[in-house]
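I have placed the structure first, in the form of structure tokens, so that the comments after it can refer back to it.
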Amino acid sequence: MISDDAVVNLFALAHPGRLAVFRTIVKAGPDGMAAGKIASANGIPANTASTHLSILTGAGLLSAYRDGRSIIYRVNFSHYADLMGFLLEDCTENNAEAGAALHEYFKGHPASVAPARAAKA
């Protein structure tokens, strides 16, 4: 990921409503969630949800597909990982202390060990 792409992604997440929508879709898991349910879950009008979803999709953070009359949105986790990698590696490359602190955080963070637990099950 290059700096310009990171700025677009961070802009997309830098709004309380869009961040709430993104979090809702992350929690929905790999199957994603229909646009109407996303709006309902966040207590926002459908047109507001549509705007947020459009911005997040345009940034590459979400993907969408049609299922009958619904549009299902899913988090593009590989793209999200690229953003986190950019923040973790590129933004801390000249600051060993910051890099070590972030690596330590992710190493011990429950979300970063969940896939390993699932693989053992």
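The values are calculated or read from the model by the stated rules, or taken from the named source; none is laboratory data. Computed from a predicted structure; not experimentally measured. Heavy atoms of the whole protein, side chains included, go into the accessibility calculation; ligands, DNA and RNA do not. Shrake-Rupley method; radii C 1.70, N 1.55, O 1.52, S 1.80 Å.
Taking the inverse of the mean 1/r over every pair of distinct Cα atoms in the chain gives a Kirkwood hydrodynamic radius of 15.7 Å. Accessible surface calculations at 1.4 Å, restricted to protein heavy atoms, place the chain at 64 Å² per residue.
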